[in-house]
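See below for the structure under consideration.
Coordinate-derived values only; no laboratory data. Because the structure is a prediction, the values reported are computed rather than measured. All Cβ positions, glycine included, derive from the backbone under ideal geometry; neighbour counts span all protein chains shown.
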Amino acid sequence: MTVPTTNPRRDEQAPGAAARAGRPPRVRSPLASLGLHAGLLFGTLCALLPPLWLLVTSFKPKSQSWSMALVKDFTLANYAHVLGGTRFLTWFGNSLTVVLGTTVVGVFIAATTGYALSRFRFPGMRPLVWVLLLTQMFPMAVLIVPLYTTMANLGLLNQPLGLIITYLTIAVPFCAWMLKGFFDTIPVDIDESGRVDGLNPFGTFWRLVLPLARPGIAVTAFYSFVTAWAEVAYATAFMTGEDNLTLAGGLQTFVNRYDTDWGAMTAAAVIIAVPAGLVFGFAQKHLVAGLTAGATKS
């Protein structure tokens with residue numbers, strides 16, 4: 001009895017096996033193609049409909065906010081009210097302060113931590129790596145009470161610094177874990193060449209390794225930015241008073257128990273989305289490379 005030298009099932013699964021064997025390639029049936037394209041179209045509509053509805057509603061008068069028709073009476077009154085009749089610019093400044101502090105400090109701490117975990121061996125290194133990972137398992141709602149108590153004891157409530165510290169507890173563990181995997185992909189020979197040239201470990205990190213880690217830095221910076229820009233729970237719990245609110249807390253002022261100003265809220269949401277879109281457009285060319293490199297090693 002002869003034993004076949006090839007695995008037919010493996011040949012069928014290989015992309016080029018049919019072509020090499022002279023068999024015609026497998027063709028997707030028209031029904032399968034129709035189902036695939038219908039699913040993709042449905043997913044696209046589900047993704048685009050909410051922001052499109054938000055944009056269209058922001059140009060409608062308040063009386064037409066619930067109308068399903070497109071804009072009949074185009075108006076910029078909602079944007080004028082948000083920018084001139086509310087403390088939106090104050091909220092924007094508060095958010096910008098918190099976002100810049102969280103992004104700069106968070107990326108620096110995450111980068112140095114990730115580099116140390118990638119290059120050095122010290123007592124407690126492995127438990128520290130697991131702590132960074134396990135902190136991501138706790139929902140934010142569980143941490144509000146202990147963080148609130150801590151910030152109250154330190155006198156950091158209604159202070160941008162207190163909000164920055166709370167956001168660092170979210171951003172730094174994830175970013176350090178991801179940057180550790182990214183630094184693992186950079187050859188150690190670069191560090192050795194820096195030491196030969198007389199650089200200390202921090203000089204090697206700052207001058208040689210960090211410039212090569214720009215894709216990973218872009219990913220962590222974007223994650224830190226989004227964490228501080230779009231977060232709601234901590235912003236509303238730790239910041240009270242209209243002069244202290246960030247954009248996330250300011251949006252809630254358009255909603256009360258009796259009425260909701262949909263025109264002003266949608267206009268404010270559109271303005272808030274613009275900086276996030278600009279940051280994403282600036283960092284998107286590095287996002288795929290950074291996420292892939294950070295996920296392939298740990």
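Each distinct pair of alpha carbons in region 203-262 adds a 1/r term; the inverse of their mean, the Kirkwood radius, is 14.4 Å.
Under a Gaussian network description of the chain, with springs only between Cα atoms under 10 Å, the residue in 255, 226, 196 that fluctuates furthest is 196.
In the frame of its principal axes, the chain has Cα extents of 84, 64, 36 Å, reported largest first. GNM on the chain, alpha-carbon springs under 10 angstrom: the most fluctuating residue among 120, 225, 182 is 120. Can you return the aspartates and glutamates within cross-link range of residue 60? Criterion is Cα-Cα under 18 Å, with same-chain partners fewer than 8 residues away left out. Filter leaves 73, 259, 261. As a proxy for reagent exposure, 258, 148, 223, 234 were ordered by neighbouring Cβ count within 10 angstrom, fewest first; the result is 258, 148, 223, 234.
Name the shape class, rounded, prolate or oblate, that the alpha-carbon gyration tensor gives for region 40-95, where a ≥ b ≥ c are the square roots of its eigenvalues, rounded holds for a/c under 1.5, and otherwise prolate holds if a/b is larger than b/c and oblate otherwise. Let's see the in-between values first.
Working: a/c = 3.87, a/b = 1.45, b/c = 2.67.
In terms of gyration-tensor shape, oblate.
Over the residues of the chain, the helix contribution to mean residue ellipticity at 222 nm works out to -22500 deg cm²/dmol, using -39500 (n - 2.57) for each DSSP H run of at least 4. Answer rounded, prolate or oblate for region 137-180, using the Cα gyration tensor with square roots of eigenvalues a ≥ b ≥ c: rounded when a/c is under 1.5, else prolate when a/b is larger than b/c, else oblate. Oblate, because a/c is 1.5 or more while a/b does not exceed b/c.
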